[in-house]
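Colleague: Submitted below is the structure of interest, expressed as structure tokens.
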Amino acid sequence: MGEQLSKDSSNQCSNYSLKERPEFKNLPKEWMSGEAVSIQAQNNTAITLDSSEPADLEEYQALTEKEELDLEQLMKQCNTAVSNAEAFIETLTKDLSILDGENVQSVLASEQQVTSLMTQLEVAMAEVEKVEVQLNSYEDVLCHVRNTMHKMEEKNMLIEVANKNNQKLLAELEKVVYRLELPSKHQMALVDADLTNPAGLQQAIEAGKALQAVMNAEIHPALVRLTAVQDQKKRFDKWKSKFSHIISRHLNNLFIHLGNDPGDIMGTNSGDLVLPKNSLLHKELQAYTELMHWCKVMDRKAYTALCKVYTNALGKLYERDIKHFLDGAKQNVSGHPGGSKEDLSAAKRQAKESKAGGGSSGGGSGGGQLLGVERDQWGADHEPSERARFDQVLERVLAQLEPVCLSEQNFCVSFFQLDVLSPTTKNTQTTLDGIGLDNRLESEPVALPQKRIEKQVNEEVRRMMGDIFGCIEPELVNFINHHERIDSIYCMHALVRLSQHVMSAQDAGSFLSKTFGSVLVQVKRSYDRYMQAQLKSIQDIRVNKKSKCGILPFVANFEEFAKTSELIFNNSERRTDLDKWYVRLVGAMFEVIPLIAAEHQKTPQEVVKMENFHHLFALLSQLKISVLDAQRKEAKQKYNDALKAYVTRYFGRPLEKLNQFFEGVQAKVSQGVKESEISYQMAFSKQELRKVIREYPGREVKKGLYDLYRKVNKHLCEEENLLQVVWRAMQEEFIQQYKYIEELIQRCYPGSMITLDFSIEDILQFFSEIARSH
């Protein structure tokens, strides 16, 4: 506003030609130029009615109320304001000029006051500048003070942080010192442990736990690098090595001593078969369980060495006990429980003799008891009571092994902490090893699935049990093989009993279950060899072709074999194995019987097949073996076929000429001759028929039947008792032929009163008298 006023004042002064122009100070030069003044004057006077420039519109301002009142009053004073506007404007212009001139005069008159005012203003501005300079200096001082305060505040914060860090460091160091401090009593116990008495043992256990705790204290990895911590760690390592050496030496001697202990083997030499469980040994070692756990964590090498010593010592102990136990079992099977060593040696010699002279074939056919071998070549018979005794003793042996192995396994799992996997393969893993963070992350064990953990634990347990009880499998196999050489049937008992124990095992992955399974595999192979030998004996059978054949050996022996097998495999899980061999063996019999029958020279092949298939059918019907039901039916069919073939071959047609006569009659009938007109044929007249009939009187027919009976009796064997069966079949065949001839006579020669010299009643009497006479 002041600038505008200065401009206006300058312009007004320029519009008037004054003698003395006022002196303007602190005004821009362009404001004082004549051109600017003229332009300003033109702008102020160039007002037209038609002007529509944006500048004029922008400068236009509405009149205020006071201006309106003044304008109305002015117009009232001038009567021509409304009627003569131009005159009114002119009047106003003159008045305005007069007023402007007066104003300029007034301004010029007050120039000195204005100059004085301006001077004072300049002085005031100078003072203001001084004040501003002073204020700036104050402001600089305040900024300096503020910056100083900020720095002091930061220093205070740093001091506070340093104090807190120092406090934390002090607390951490105190914690480290506290956690790495091992009482002197434990130090003494570690270097001079007495493990021979309960008090010293307890002190050693406590000292070992304390050492383990301090060596696994929770310490920041950075603090582990401290010289003091490393020095303390060296002391800990020294104590650990000393303590581990004391434990290893003591337990090593103790394991060896306990392994050489003669123990109690009286149970195996008495009538009772009892395998020692070594409970006292476990009880004595139980006190050292925590020390063994300490070795597993703190000294893996010592732990592994102790495990090896233990398994070697206990392995020898159990091997000795199991051998004594199985020797006693052999004596019980032989029927001499509690016998002397001489009795046992005699039993062994008997087994060797049986193996050497029993005709063993195919490995597993001890005693020569093969289906294809005659009974008189089997050698010494074995009573059922002996086999039952073997079965009972074998069950006792298996039942005694289970609790012993389970007891030892439970002890080893607890004593050696086998159910806990080691987190690392290093000898000792503690928090004082000073490994870096990256390496620590790498060394940390990866979380394994539960099933994989259980699998690794089971493998570790089985490995240790295998080292301790490695003798079970070979000794058990030798025990079974020893008796198989005496009697191969024992392999069946072993197969069934072992299968029962394997199938009923609660833990199929346990060491004993795996061991029994391995022995079972070998027994199954022996059983298959035994059955294969039976099959081969059937296929390779050789019979005496110069004497009557009779019942073949494998057919006769199958009854005892099947009954024995059924008794052993009754309600057994291995029933399917027996059924498979039943089918193969009987199938081989069906194949071999016709071959033997065709090759035999003394006995007709129909008789060989008839007798053997009849015996086999009767036997299968008696045994009622469901898997052989189809074979039973087949045997019956083959027997009937053989019987029919034999009757057809050897009975033939005893009235042969009559049969030939009526065959000619049938030929004529087929040519078109009526049956009632046959008698008119010269060759088939009634006289010719009577002539043929006279050749077969009852006396001659009976004589022929008598000769046939003697021939049949010569063919058949007495054991099977099929003579009456065959004789009855021949009787039925004769009656059928008789009825056939009588029927043809009635049809072709009706009313001729021609009959045979004998009747059906005579035929029945002939057959009956001949059968009774023998």
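The values are calculated or read from the model by the stated rules, or taken from the named source; none is laboratory data. On a predicted model such as this, the values are computed, not experimentally measured, just so you know. Positions of Cβ are backbone-derived with ideal geometry, glycine not excepted, and every protein chain shown enters the neighbour counts. In case anyone asks, the SASA skips ligands and DNA or RNA and just uses the protein heavy atoms, side chains included. Shrake-Rupley method; radii C 1.70, N 1.55, O 1.52, S 1.80 Å.
Colleague: As an exercise: evaluate Ile159 against (1) in contact (Cβ under 8 Å) with a residue 24 or more places away in the chain; (2) open to solvent by 90 Å² or more (accessible area, probe 1.4 Å); (3) part of a helix (DSSP H, G or I) and give the number of the one condition it does not meet.
Modeller: Unmet for Ile159, out of (1) in contact (Cβ under 8 Å) with a residue 24 or more places away in the chain; (2) open to solvent by 90 Å² or more (accessible area, probe 1.4 Å); (3) part of a helix (DSSP H, G or I): (1).
Colleague: Consider Asn278 carefully, then state whether it is within 30 Å of Arg389 (Cβ to Cβ) and within 38 Å of the chain's Cα centre (by Cα).
Modeller: Criteria met by Asn278.
Colleague: Inside the stretch 572-594, can you point out the residues that are part of a helix (DSSP H, G or I), open to solvent by 10 Å² or more (accessible area, probe 1.4 Å) and either touching a Ser or Thr at 6+ places or on another chain (Cβ under 8 Å) or closer than 28 Å to Tyr527 by Cα (or both)?
Modeller: Correct list: Arg575, Thr576, Asp577, Asp579, Lys580, Trp581, Val583, Arg584, Gly587, Phe590, Glu591, Val592.
Colleague: If we scan the stretch 513-527, do we find a residue that is touching a residue at least 24 places away in the same chain (Cβ under 8 Å), under 30 Å from Phe617 (Cβ atoms), in a loop (DSSP other than H, G, I, E, B) and open to solvent by less than 20 Å² (accessible area, probe 1.4 Å)?
Modeller: No, that holds for no residue.
Colleague: Restricting the first residue to the stretch 681-708 and requiring it to be within 16 Å of Trp727 (Cβ to Cβ) and open to solvent by 30 Å² or more (accessible area, probe 1.4 Å), which pairs with a second residue that is of a type in the set (A, V, I, L, M, F, W, C) and outside any helix (DSSP H, G or I) meet a Cβ separation below 9 Å and a spacing of at least six or different chains?
Modeller: Lys702/Phe758
Colleague: Looking only at residues that are within 17 Å of Gln331 (Cβ to Cβ) and of a type in the set (Phe, Trp, Tyr) in the stretch 477-514, which one is modelled with the highest pLDDT?
Modeller: Only one residue tops the list, namely Phe479.
Colleague: I would also like to ask the following. Quickly run through the stretch 208-241 and pick out the residues that are within 44 Å of the chain's Cα centre (by Cα), open to solvent by 70 Å² or more (accessible area, probe 1.4 Å) and farther than 13 Å from Thr430 by Cβ.
Modeller: Answer for the stretch 208-241, where residues must be within 44 Å of the chain's Cα centre (by Cα), open to solvent by 70 Å² or more (accessible area, probe 1.4 Å) and farther than 13 Å from Thr430 by Cβ: Lys209, His220.
Colleague: Go through the stretch 473-496 and give me each residue that's under 18 Å from Phe511 (Cα atoms) and surrounded by fewer than 24 Cβ atoms within 10 Å (Cβ to Cβ).
Modeller: Glu473, Pro474, Glu475, Val477
Colleague: How many residues, within the stretch 709-767, are closer than 22 Å to Lys691 by Cβ, exposed (fewer than 14 other Cβ atoms within 10 Å of the Cβ), charged (D, E, K, R) and in contact (Cβ under 8 Å) with a residue 24 or more places away in the chain?
Modeller: 1
Colleague: Residues in the stretch 171-191: is at least one of a type in the set (A, V, I, L, M) and under 42 Å from the mean Cα position of the chain (by Cα)?
Modeller: no
Colleague: OK, next. Would you confirm whether or not the stretch 244-263 contains a residue that is open to solvent by 70 Å² or more (accessible area, probe 1.4 Å), polar (S, T, N, Q) and part of a helix (DSSP H, G or I)?
Modeller: Yes, the conditions are met somewhere in the stretch 244-263.
Colleague: Further question on the same structure: Among the residues of the stretch 597-621, how many are open to solvent by 20 Å² or more (accessible area, probe 1.4 Å), in contact (Cβ under 8 Å) with a residue 24 or more places away in the chain, of a type outside the set (Asp, Glu) and part of a helix (DSSP H, G or I)?
Modeller: 3
Colleague: Same structure, new question: Taking the stretch 628-670 as the search range and keeping residues that are closer than 23 Å to Gln737 by Cβ and of a type in the set (Gly, Ala, Ser), which one is modelled with the lowest pLDDT?
Modeller: Gly652
Colleague: Right, another one. Could you list, in sequence order, all residues of the stretch 468-511 that are in contact with a Ser or Thr (Cβ under 8 Å, 6 or more places away or on another chain) and free of Cβ contacts under 8 Å to residues at least 60 places away in the same chain?
Modeller: Of everything in the stretch 468-511, those that are in contact with a Ser or Thr (Cβ under 8 Å, 6 or more places away or on another chain) and free of Cβ contacts under 8 Å to residues at least 60 places away in the same chain turn out to be Glu473, Asn481, Val502, Ala505, Asp507.
Colleague: If you don't mind, there's one more thing I want to ask. Only one residue in Gln40, Gln134, Gln112 is in a helix (DSSP H, G or I), modelled with pLDDT of 80 or more, surrounded by 10 or more Cβ atoms within 10 Å (Cβ to Cβ) and out of contact with any strand residue (DSSP E or B) (no Cβ under 9 Å at 6 or more places or on another chain), so which one is that? Can you show your working first?
Modeller: Details: Gln40 fails: modelled with pLDDT of 80 or more; Gln112 fails: surrounded by 10 or more Cβ atoms within 10 Å (Cβ to Cβ).
Only one candidate qualifies: Gln134.
Colleague: Scan the stretch 528-554 residue by residue and report those that are out of contact with any Ser or Thr (no Cβ under 9 Å at 6 or more places or on another chain), buried (at least 23 other Cβ atoms within 10 Å of the Cβ) and not in a loop (DSSP other than H, G, I, E, B).
Modeller: Scanning the stretch 528-554 gives Met531, Ile538.
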